[in-house]
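Reading through the structure tokens given below for one structure.
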Amino acid sequence: MAEQHETGTPLPNGVALTALDETYREDIHQVLDRLREEAPVHEDTELGRLILTRHDDVRGLLRNREWGVDPRKSSADSYVRLITGTNTPEGMDNYQPSMLFLDDPDHKRLRALVSQAFNPRAIEAMRRRTEEITQALLEEIDGREEVDLIADFAGPLPTLVIAEMLGVALEDRNHFKRWSDDLNFSFDPIRDEETNARIEASGEAMRSYFDKTIAARRAEPKDDLISDLVRAQEAEDSLNDEEIMSMCTLLLIAGNVTTTDLIGNGLYALLTHPDQMEKLKANPSLIENAVEEMLRFDSPVTDSARLPFNDEVIHGCPVKKGYTTYTSLAAANHDPSVYPDPHKFDIEREDTHHQSFGGGIHMCLGAPLARLEAQIGINAFLARFPNVRLSESPGKRRHLPSFRGFETLPVRL
Ligand code: HEM
């Protein structure tokens, strides 16, 4: 099925094309550059998917309305069925997709209900609270010699911001971080039984929390997103409780590890490129362009899936209806035919457009919020700790397919 121009060594397959593999984790572009050059439509026969790596192919497929995302329309043995647990009849019966895995008209209806909360004006209104939350986190670590950038700063910041938007009580916020960290592992196509049990337990705890909160907001609405969703439900009668719950869960999961990784990868890029670090410290107004370059250079989400509604052909390769086709956002962002010197980290790069937030109707809803948090978080961190440097003990990258970031990143302040 796939177009391949092999040059001796076989092309990577299966786990070697995920963050579970050490080479892919430590040097992702070594792997992706090869695919882009030798097999721009590469078939991962072990995990059941095609992978596109060229910028124009990725950009085009994400926006192509002949392709969708609902795993229930996919072939039983394909990658999206594995990650959504719909590869068994029981998993299929219990499946409650969020809008990330729904096609229109359901996708359109659900997205419209939350879009208001994420429009640029609404996000700008979160600026002051994001600054306060950032300063409170920095205050807590001030005075310490060494901290873990992830556990102590980049991890809690997005959880606290989204918890605030949703209206999650202060005392429940640590649970939320844990639940959402556990649920992320549903993106691992070969997770073991123990991980499945953890995902299940955290999913159950989160559902029961939202169940109670939805009832409480129905009785007594507040100024938060859960109350807005309950109001929308009452006004239009077009949203059921399961859908409110899936939406809240999606917002938590989609907004947490991704933004943590943008801040973590971004600060790591600065720490390993001292000339760029000095430039930003000397001129903090470069932060907007710098964050776009961070998104391009070390993309927090490495790939996103699409499934054709009908049999298709890409570059002469037939793709069966419903077969999982991954767009490698990380590869598209380093395509040398689009970006001069693509592996160079340059916060003043002129063209920093990227595919890191996906595209088309599923384009990341939280992009303005992620940008705001990263811009505020990174500049505030550098203003408070201008002498920050990597610790002697190295950071560890996370073993989570489709995401790219650090599990721990020790730094000296
Ligand atoms: C740097 C941080 C982030 C990155 C890199 C990121 C990336 C992505 C990507 C790649 C997609 C899939 C797009 C597609 O397939 O076309 C997506 C979807 C989504 N993201 Fe984000 N995201 C980030 C932060 C956030 C935040 C902070 C939120 C909200 C709190 C959020 C909410 C969503 C939602 C709701 C979707 C599903 C949209 C839909 O299906 O219509 N994301 N994101």
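The values are calculated or read from the model by the stated rules, or taken from the named source; none is laboratory data. Bear in mind the structure is a predicted one, so any value in this text is a computation, not a measurement. Cβ placement follows ideal geometry from the backbone for every residue including glycine, while neighbour counts extend to all protein chains displayed. We work out accessible area using only protein heavy atoms, side chains counted, and drop any ligands, DNA or RNA first. Shrake-Rupley method; radii C 1.70, N 1.55, O 1.52, S 1.80 Å.
Among the residues making up the range 296-315, a single one is within 15 Å of the ligand (Cβ to nearest atom), more than 30 Å from residue 346 (Cβ to Cβ) and charged (D, E, K, R): 306. Here is the figure for the range 344-361: residues that are open to solvent by 30 Å² or more (accessible area, probe 1.4 Å) and in contact with a Phe, Trp or Tyr (Cβ under 8 Å, 6 or more places away or on another chain) total 1.
Enumerate the pairs (first residue in the range 153-169 and under 16 Å from residue 375 (Cβ atoms); second residue anywhere and aromatic (Phe, Trp, Tyr) and part of a helix (DSSP H, G or I)) with beta-carbon separation below 8 Å, excluding pairs fewer than 6 apart on the same chain, so at least 6 apart or on different chains. Filtered contacts from the range 153-169: 153/381. For the range 362-386, the candidate set comprises residues that are open to solvent by 40 Å² or more (accessible area, probe 1.4 Å) and near the ligand (Cβ under 6 Å from one of its atoms); within that set, the residue that is nearest to residue 279 (Cα to Cα) is 364.
Quick check on my filter: what residues within the range 75-104 are within 12 Å of the ligand (Cβ to nearest atom), surrounded by 16 or more Cβ atoms within 10 Å (Cβ to Cβ) and not polar (S, T, N, Q)? If the condition is that a residue be within 12 Å of the ligand (Cβ to nearest atom), surrounded by 16 or more Cβ atoms within 10 Å (Cβ to Cβ) and not polar (S, T, N, Q), then 80, 97, 99, 100, 101, 102, 103 are the ones that fit. Considered as a group, the residues in the range 330-361 that are within 14 Å of residue 33 (Cβ to Cβ) and assigned to a helix (DSSP H, G or I) include one that is farthest from the ligand (Cβ to nearest atom), and that residue is 331.
Checking the structure you have, find out if any residue of the range 319-327 is in contact with a helix residue (DSSP H, G or I) (Cβ under 6 Å, 6 or more places away or on another chain), near the ligand (Cβ under 9 Å from one of its atoms), open to solvent by less than 10 Å² (accessible area, probe 1.4 Å) and modelled with pLDDT of 95 or more. The answer is yes, given that some residue of the range 319-327 is in contact with a helix residue (DSSP H, G or I) (Cβ under 6 Å, 6 or more places away or on another chain), near the ligand (Cβ under 9 Å from one of its atoms), open to solvent by less than 10 Å² (accessible area, probe 1.4 Å) and modelled with pLDDT of 95 or more. Among the residues of the range 240-262 satisfying the criterion of being open to solvent by 20 Å² or more (accessible area, probe 1.4 Å) and of a type in the set (D, E, K, R), which is nearest to the ligand (Cβ to nearest atom)? The extreme case among them is 243.
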